[in-house]
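As structure tokens, the structure follows; a few thoughts come after it.
The values are calculated or read from the model by the stated rules, or taken from the named source; none is laboratory data. Keep in mind the model is a prediction, meaning the values are calculated, not measured. Because the Cβ atoms are built from the backbone with ideal geometry, glycine has one as well, and the counts that use them run over all protein chains shown.
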Amino acid sequence: MPASQTLPPDTHADPDLGEVEAILALHSGREGPLLPMLHDLQEAFGHVPAVAHAPICAALNITRAELHGVISFYHDFRNAPTGRHVVKICRSEACQAVGAEALSGRVLGMLGVGWGETTPDGRVTVEPVYCLGLCACGPAAMVDGAVRGRVRAEALVAEVAP
Amino acid sequence: MKIYVPRDAAAKALGAEDVVRAIMAEAGARGLSVEIVRTGTRGMIWLEPLVEVEQGGVRHGYGPFAPTDAAALFDGSLEGLGPVEEIPFFARQDRLTFARVGRIDPLDLADYEAHGGLVGLRRALGMDAAAVVEEVKDSGLRGRGGAGFPTGIKWETVRTAPSPRKYIVCNADEGDSGTFADRMLMEGDPFTLIEGMAIAGIAVGAEQGYVYLRSEYPDAIEVMQRAVEIARDAGVLGDVLGSGRTFDMEVRVGAGAYVCGEETSLLNSLEGKRGVVRAKPPLPALEGFLGRPTVVNNVISLATVPVIFEKGAAHYAAFGQGRSRGTMPFQIAGNVKHGGLFETAFGMSLGQLVEDVCGGTASGRPVKAVQVGGPLGAYFGTAKFDTALGYEEFDGAGGLIGHAGVVIFDDTADMLGLARFAMEFCAIESCGKCTPCRIGAVRGVETLDRIRAGDGAATELLIDLCDTMKDGSLCALGGFTPYPVMSALRQFPEEFAPAREAAE
């Protein structure tokens, strides 16, 4: 399948220093502004671009080591863009009780990736998540931020890789 | 015609948006005018999407509602569930904290007020701060996030701490598997949380609040943020109801770290640092956010405050038993026939909740074990099903009630595998501060793999490791991971025994 013809357009712009500075400026004066800054940068660029590191350190008077420490501590923040679609599958106990392990094994197998990996065509990234609060209608998953309950592998894969 | 459809994430996950589209399309085709009100969920998740239609002032339920049911609904030929509030699962509850959830449009402040909203805040504004704290003490309310610390005593510590700036921080980083009460409350009745935080602010002299909300709950984030804006525009926040007392708040989004549900780690995260646990003392009540006195309370604790002030501490304390006063929203999940949220006074037995209220497993197989209190909670085999639901009762049975999530497993559950998962989860989520947690969890996974491979001597090592983690960790992550592991080992020892017979 010629992947390039069917892929949705990349909506994330290339990192631009001016845009980075504008985002950081939105948070000046807030108490504890680093996480909101990182979330907004990731929202704009699909990841926290390296070009933003120096401006963040300058704005908050923290070292690059401190910034690296924060970015690498949290599962949410990424150093590189994901695939066009992000599928998160819950691995927690409540979903395990209704077959989450079989589900994730099947989805990963169908897409030919491991946890945290992206399909070679750049279409789908699959990540584990530990509880979406959908514990009474599991196994649960999230597709590009939208919740799914009582998930079946075929339907989930069809949604992102038709 | 007025039709209610939940906007709760669980309803959406089961197709509520498609249902709304189908109803609108069908109504349009028939030239009918319908008003669709988006509510929270009633908490009967096995019936979602649960559509309700008002008939003679009573809301009748239809669910699980498929988009193809829309035509039959308007024809009057769709079989319904009758009045929603007479469904036994709902009718048996004592809904105090969740009284409005599922009934009202969560973002309609007038609807909120029409159902008792802001009565508590108005009453608190007429009291002096010490009396407000006293009322919370009298209610017997204890932290609903898991630790069960008396809320009024925490508030008193912050109230009497001298400081020019204090904070109310709501811990909405509910990451325990099997729990969704915080999410359901925030998506279904966000003004209750806002009102509770405003009362807390008035009580302790704090003018700023933060809700630290986990990023795994995008729908709750959206509703909470919108509700804060509405409350600010309406003068509930800011100059609180024109009283001259100031309180405002902000929603902050977490970043996927489970350990940030621990209060000191949460405070570090809120400050923009790694979510590493802090040693206590100093208590956050004295040196919390940015080193200032801070009330850190769970969503349900804060959201219960308005009803305490609306109906009085004595009314609230009349529910429950022993030192567990009031109600607890139990969340029954996993392999469950009738899963959802069941708010009830403390005291019911675990078995009654699992078998009687919830009908046992969805698979129809026998219940093997339930895990109570999230990934750090103990497994309870059916032999312990007579344990009463209460803080002390669960402690006495070697477990914890935690955030009151109950995850049901049928007889196909692999207890050794679940014990291994508890260790694996601890290894993934450890903040790294304490060695017993950071290294111990990794060794725990390896030791359980040795047991699985038939190494009988490894069991002693596992018990020793659990003791070390329990005694040597600062917070509940390392300290309580031994609960699921040891409870599985003690109650299902045959699954941890070396499988020599099979090998020979």
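Kindly indicate whether B:Pro218 is within 14 Å of another protein chain (Cβ to nearest Cβ) and either touching an Asp or Glu at 6+ places or on another chain (Cβ under 8 Å) or surrounded by fewer than 24 Cβ atoms within 10 Å (Cβ to Cβ) (or both). Give the steps one after another, and end with the answer.
Details: within 14 Å of another protein chain (Cβ to nearest Cβ): yes; either touching an Asp or Glu at 6+ places or on another chain (Cβ under 8 Å) or surrounded by fewer than 24 Cβ atoms within 10 Å (Cβ to Cβ) (or both): yes.
Here the answer is yes, as B:Pro218 does meet what is asked.
Of all residue pairs spaced 6 or more apart or on separate chains, those with beta-carbon atoms under 7 Å, a first member in the stretch B:265-287 that is closer than 15 Å to B:Ala206 by Cβ and a second member that is surrounded by 21 or more Cβ atoms within 10 Å (Cβ to Cβ) and acidic (Asp, Glu) are B:Pro284/B:Glu263.
Of the residues B:Gly146, B:Gly126, B:Gly56, the single one that is over 30 Å from B:Met348 (Cβ atoms), modelled with pLDDT under 95 and not assigned by TED's automatic domain parsing to the domain that holds B:Gly359 is B:Gly56. The helices (runs of 4 or more DSSP H) located wholly in the stretch A:72-162 that include 2 or more residues which are within 10 Å of another protein chain (Cβ to nearest Cβ) and buried (at least 22 other Cβ atoms within 10 Å of the Cβ) occupy A:93-96. For B:Gly478, the requirement of being closer than 23 Å to B:Gly256 by Cα and small (Gly, Ala, Ser) is met. Counting residues in the stretch B:163-181 that are assigned to a loop (DSSP other than H, G, I, E, B) and away from chain A (no Cβ under 14 Å) gives one or more.
Can you find a residue that is surrounded by fewer than 16 Cβ atoms within 10 Å (Cβ to Cβ) and among the β-branched types (Val, Ile, Thr) anywhere in the stretch B:89-104? Talk me through it step by step, then tell me what you get.
Our first condition is that a residue be surrounded by fewer than 16 Cβ atoms within 10 Å (Cβ to Cβ); within the stretch B:89-104, this holds for B:91-92.
After this cut, where a residue has to be among the β-branched types (Val, Ile, Thr) as well, the list is none.
Within the stretch B:89-104, not a single residue is surrounded by fewer than 16 Cβ atoms within 10 Å (Cβ to Cβ) and among the β-branched types (Val, Ile, Thr).
Scoring B:Glu52 on the criteria (1) part of a strand (DSSP E or B); (2) surrounded by fewer than 17 Cβ atoms within 10 Å (Cβ to Cβ); (3) acidic (Asp, Glu) leaves a single failure, condition (2).
Is at least one residue of the stretch B:186-208 assigned to a strand (DSSP E or B), surrounded by fewer than 24 Cβ atoms within 10 Å (Cβ to Cβ) and not assigned by TED's automatic domain parsing to the domain that holds B:Gly43? I'd like the intermediate steps shown before the answer.
Keep residues of the stretch B:186-208 that are assigned to a strand (DSSP E or B), which gives B:208.
Cutting the leftovers down to surrounded by fewer than 24 Cβ atoms within 10 Å (Cβ to Cβ) gives us B:208.
Next, from what is left, pick out any that are not assigned by TED's automatic domain parsing to the domain that holds B:Gly43: B:208.
The answer is yes; a qualifying residue exists.
Scanning the stretch B:223-246 for residues that are part of a helix (DSSP H, G or I), under 28 Å from the mean Cα position of the chain (by Cα) and surrounded by 15 or more Cβ atoms within 10 Å (Cβ to Cβ) gives B:Val223, B:Met224, B:Gln225, B:Ala227, B:Val228, B:Ile230, B:Ala231, B:Val240. Restricting the stretch B:434-452 to residues that are under 26 Å from B:Val276 (Cβ atoms) and touching a Lys or Arg at 6+ places or on another chain (Cβ under 9 Å) leaves a set whose member that is farthest from the other protein chains (Cβ to nearest Cβ) is B:Pro436.
Across the stretch A:86-142, what is the number of residues that are charged (D, E, K, R), in contact with a strand residue (DSSP E or B) (Cβ under 8 Å, 6 or more places away or on another chain) and touching a residue at least 60 places away in the same chain (Cβ under 8 Å)? Don't jump to the end; show me each part of the working.
Taking the stretch A:86-142 and keeping what is charged (D, E, K, R), we get A:88, A:91, A:93, A:101, A:106, A:117, A:121, A:123, A:127.
This time we only want the ones that are in contact with a strand residue (DSSP E or B) (Cβ under 8 Å, 6 or more places away or on another chain), so: A:88, A:91, A:93, A:117, A:123, A:127.
Pick out the ones that are also touching a residue at least 60 places away in the same chain (Cβ under 8 Å) and you get A:123.
Total satisfying the criteria: 1.
Among the residues of the stretch B:263-272 satisfying the criterion of being within 23 Å of B:Ser177 (Cβ to Cβ) and within 14 Å of chain A (Cβ to nearest Cβ), which is surrounded by the fewest Cβ atoms within 10 Å (Cβ to Cβ)?
Step one: list which residues in the stretch B:263-272 are within 23 Å of B:Ser177 (Cβ to Cβ), which gives B:263-266, B:269.
Subsequent filtering for residues that are within 14 Å of chain A (Cβ to nearest Cβ) retains B:265-266, B:269.
Working: B:Ser265: 25, B:Leu266: 28, B:Ser269: 27.
Ranking the qualifying residues of the stretch B:263-272, first place goes to B:Ser265.
Checking every residue in the stretch A:116-128 against the condition of being hydrophobic (A, V, I, L, M, F, W, C) and within 24 Å of B:Ala220 (Cβ to Cβ) gives at least one match.
Taking the stated definitions as given, is A:Ser92 within 19 Å of A:Gly138 (Cα to Cα) and hydroxyl-bearing (Ser, Thr, Tyr)?
Numbers: within 19 Å of A:Gly138 (Cα to Cα): yes; hydroxyl-bearing (Ser, Thr, Tyr): yes.
Judged against the criteria, A:Ser92 is a match.
Using the structure shown, decide if B:Leu47 is crowded, with 20+ Cβ neighbours inside 10 Å, within 20 Å of B:Arg100 (Cα to Cα), within 14 Å of chain A (Cβ to nearest Cβ) and within 30 Å of the chain's Cα centre (by Cα). In short, yes.
Here's the yes/no breakdown for (1) assigned to a helix (DSSP H, G or I); (2) buried (at least 19 other Cβ atoms within 10 Å of the Cβ):
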| site | (1), (2) |
| --- | --- |
| A:Gly18 | yes, no |
| A:Ala22 | yes, no |
| A:Ala25 | yes, no |
| A:Arg30 | no, no |
| A:Leu38 | yes, yes |
| A:Glu43 | yes, no |
| A:Val48 | no, yes |
| A:Val51 | yes, no |
| A:Pro55 | yes, no |
